[in-house]
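Working notes, structure below.
The values are calculated or read from the model by the stated rules, or taken from the named source; none is laboratory data. Only a predicted model underlies this, so the values are computations on that prediction, with no experimental measurement involved. Don't worry about glycine lacking a Cβ; one is built from the backbone with ideal geometry, like all the others, and counts go over all protein chains shown. Ligands, DNA and RNA are excluded from the accessible area calculation, which covers all protein heavy atoms including side chains. Shrake-Rupley method; radii C 1.70, N 1.55, O 1.52, S 1.80 Å.
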Amino acid sequence: NKELATFAMTDALTGMPNRRALMEEIPRMWARAQRESHCVLLAYVDLDGFKGINDQYGHDTGDQLLMTLSRQLLAALRDSDFAARVGGDEFVMVGVGPALAELAASTSAIAELQHRLSAATQCDLLLPATGLLRYPGASVGVVAIDPKTTTPEQAMLQGDAATYDIKSQRRNSSTKPC
């Protein structure tokens with residue numbers, strides 16, 4: 001039963017926790033942040049250009065990219081953070097952030113986490129047949145949430161919206177996805 005429970009909470013390709021595991025972890029993270037009077041940092045990561053990579057290089061290359069980026073994302077987290085693959089090319093990270101009373105610290109923590117996760121989504125993949133695939137990184141939206149006034153569902157929507165704001169900014173700048 002324990003093996004089946006672990007299997008049900010794990011993404012088969014990456015070995016990361018899946019959406020179901022995230023939905024079980026979020027209430028614990030919210031409760032901890034409330035007890036400590038801290039905000040919750042939620043990052044939504046969307047791999048720009050992923051469909052194009054699958055179309056151009058094949059699904060094996062897409063899988064290789066997902067596995068590489070999942071390892072890099074996990075390595076970029078603090079021990080107390082939690083990350084999950086929640087969709088084909090989407091990941092979510094949650095962690096307890098700065099004290100609610102320190103609004104400036106939240107802004108700084110958001111920027112630092114966004115930078116750290118953005119850097120973790122950049123990689124070069126050596127492809128046997130076609131050479132090198134340079135992945136410039138994903139769109140990463142980060143929000144600081146007051147767990148007393150925002151539900152996990154609202155936080156997920158805010159994180160998703162922040163990611164699409166970043167995606168739009170990237171489209172309009174020189175940092176184009178592949």
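Data overview
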{"read-out": "Inter-residue pairs, beta-carbon under 9 Å, first open to solvent by 50 Å² or more (accessible area, probe 1.4 Å) and assigned to a helix (DSSP H, G or I) and in region 151-178, second among the aromatic types (F, W, Y) and at pLDDT below 90, 6+ apart", "value": "none"}
{"read-out": "Tally, over region 1-57, of residues that are more than 23 Å from T163 (Cβ to Cβ), without any contact (Cβ under 8 Å) to a residue 60 or more places away in the chain and surrounded by 14 or more Cβ atoms within 10 Å (Cβ to Cβ)", "value": "2"}
{"read-out": "Boolean, Q72 is outside any loop (DSSP other than H, G, I, E, B) and open to solvent by 50 Å² or more (accessible area, probe 1.4 Å)", "value": "yes"}
{"read-out": "Search result, residues across region 125-150 that are hydrophobic (A, V, I, L, M, F, W, C) and free of Cβ contacts under 8 Å to residues at least 40 places away in the same chain", "value": "L126, A129, L132"}
{"read-out": "Output for region 98-124, where each listed residue is farther than 13 Å from V142 by Cβ, free of Cβ contacts under 8 Å to residues at least 40 places away in the same chain and surrounded by 14 or more Cβ atoms within 10 Å (Cβ to Cβ)", "value": "E102, A105"}
{"read-out": "Hits in region 75-97 (condition: small (G, A, S), open to solvent by 30 Å² or more (accessible area, probe 1.4 Å) and closer than 18 Å to A144 by Cβ)", "value": "S80"}
{"read-out": "Matching residues in region 104-137 - criterion: being in contact with a Leu (Cβ under 7 Å, 6 or more places away or on another chain) and over 24 Å from C39 (Cα atoms)", "value": "T121, C123, D124, L125, L126, L127, L132, L133, Y135"}
{"read-out": "Among the candidates A76, A119, A155, residue that is more than 20 Å from K51 (Cα to Cα), in contact with a Lys or Arg (Cβ under 6 Å, 6 or more places away or on another chain) and not β-branched (V, I, T)", "value": "A76"}
